């Protein structure tokens, strides 16, 4: 699996922001993220979770996977082979998962699909909340997922779909990591 270096994420966000004539203050206002955090992100001093990338992409008027692509594609079909995925990993207890975009070069996407792996003993209280909907199908492992006030235990083959404006988080149960396919829609759901 090819690795998408985290410093590329920050540089790409900065490039997209500058191309659109936006200041850090403007992006901060649109995302409710501090200018300090955004600056650290752009300078690769911190790495954002997918939900934060979704919020930033929305503020920049792009799709999340555009952050991983260097140029706008000319194709209407994209294939990502398993060994060609560009993975971005999160280490330690801060977030505890890695993800790889599954359609990083498709133009004008209506959804952003990812392969994710959630590490065992990851931080249980890193709460996500953003616009749109999410669909997650568990490929292996066992996940405890919290959405709003509800809790679900999901196993291989189980699928969940929910409004991502609800606070949500999950963690691997047991000592095996969870592998899942996650699809985020930048729909017209309420903003957080």
Round to a whole angstrom and tell me the spacing of the C-alpha centers of region 157-174 and region 23-66. 23 Å
Pull out the extension gain between residue 37 and residue 163, defined as 0.36 nm times the separation in residues minus the alpha carbon to alpha carbon distance; nm, one decimal. 42.8 nm
How do the peptides 177-183, 21-27 rank, highest first, by the average count of neighbouring beta carbon atoms within 10 Å per residue? 177-183, 21-27
Label-point gap, in nm, between residue 176 and residue 150 - each point 7 angstrom along Cα→Cβ: 2.5 nm
Provide the FRET efficiency to the nearest 0.05 for the residue 135-residue 15 pair, computing r from the beta carbons and using R0 = 30 Å. 0.50
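Every read-out reported here was derived from the displayed coordinates using simple, explicitly stated rules and does not represent laboratory data. Bear in mind the structure is a predicted one, so any value in this text is a computation, not a measurement. Cβ coordinates were reconstructed from backbone atoms using ideal geometry, including for glycine residues, and neighbour counts include every protein chain displayed.
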